[in-house]
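Only one structure is covered here, and it is reproduced in the block below.
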Amino acid sequence: MRAVVQRVKRASVSVDGETVGAIGPGLMILLGVTHGDDEEQSRWLANKVAGLRIFEDGAGKMNRSLLDIGGSALVVSQFTLYGDCRKGRRPSFTDAARPEIAEPLCERFVDDLRAAGVGQVEGGVFGAYMQVEIQNDGPVTLIVERP
């Protein structure tokens with residue numbers, strides 16, 4: 001699994017003009033699933049993301065986690081995170097897991113974030129054409145995946 005994690009002041013995701021998920025301060029998480037990913041990977045990634053110390057403390061240092069600040073998370077599945085652009089001009093998406101594998105793991109990741117202690121976790125609609133709006137904070141953007 002691969003996550004692009006962005007620290008945000010607010011974020012929302014819409015499908016067909018209707019907001020399906022929205023958060024205030026916290027993390028926008030774009031989530032990709034590849035072959036061989038499983039529930040253990042989801043649990044590991046959720047705990048890693050929830051505990052990342054990327055929010056400022058009183059001294060202005062990135063020393064607090066999503067859990068420390070009581071922040072929210074918005075999770076949007078994104079198979080394009082496994083796009084391979086090394087050949088030609090059209091990305092290959094063969095490294096992305098098939099929807100029947102990826103969808104339950106994306107749902108599991110949301111559940112794992114909640115189990116890690118994140119209070120509000122919102123999500124998009126798997127496989128839908130979505131519009132994502134964010135107000136990036138910093139900006140702080142990280143790519144997180146299990147080695």
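The modelled label-to-label distance between Asn63 and Glu100, using points 7 Å beyond Cα along the C-beta direction, is 5.1 nm.
In the elastic network of the chain, a GNM with C-alpha springs shorter than 10 Å, the most mobile of Phe55, Phe79, Phe93 is Phe93. The loop-placed chymotrypsin sites (Phe, Trp or Tyr not before Pro) in region 101-147, going by DSSP, that have at most 12 neighbouring Cβ atoms within 10 Å of their Cβ come out as Tyr129. Among Pro99, Pro25, Pro91, the largest mean-square fluctuation in a Gaussian network model of the chain, built with springs joining Cα atoms closer than 10 Å, belongs to Pro91. Angle of helix 39-51 to the longest C-alpha principal axis of the chain, folded into 0 to 90 degrees and rounded to 10: 30°. If R0 equals 30 Å, the separation of the Cβ atoms of Asp84 and Lys9 corresponds to a calculated FRET efficiency of about 0.35.
The length gained by stretching the chain between Glu18 and Asn136 to full extension, at 0.36 nm per residue less their Cα-Cα distance, is 40.3 nm. On the principal axes of its alpha-carbon atoms, the chain has extents of 47, 37, 30 Å, going from largest to smallest. Only Lys, Arg, Asp and Glu carry charge here, each on its Cβ (+1 for the first two, -1 for the last two); on that basis the chain has a dipole of about 600 debye about its Cα centre.
Rounded to the nearest 500, the helix-only mean residue ellipticity at 222 nm of the chain stands at -7000 deg cm²/dmol, with each DSSP H run of n ≥ 4 adding -39,500 (n - 2.57). Charges on Cβ only, +1 for Lys and Arg, -1 for Asp and Glu, centred on the Cα centroid of region 1-119; of Thr80, Thr34, Ala46, which one is farthest towards the dipole's positive end? Toward the positive end, the furthest listed residue is Thr80.
Note on region 83-144: Kirkwood radius taken over Cα pairs, Stokes-Einstein applied at 4 °C and 1.567 mPa s, translational D equal to 88 µm² s⁻¹. Secondary structure note: in the chain, about 75% of the DSSP beta bridges are antiparallel.
Given a 10 angstrom Cα cut-off, can you work out which residue in Glu39, Glu100, Glu122 is the most mobile in a GNM of the chain? Residue with maximal mean-square fluctuation among Glu39, Glu100, Glu122: Glu100.
Here the contact order of the chain, divided by its residue count and restricted to Cα pairs under 8 Å and six or more residues apart, works out to 39 percent.
All of the numbers you see were taken from the coordinates with simple rules; none came from a lab. Quick caveat: nothing in here was measured; it's all calculated off a predicted structure. Note: ideal-geometry Cβ built from the backbone for every residue, glycine included; neighbour counts use all protein chains shown.
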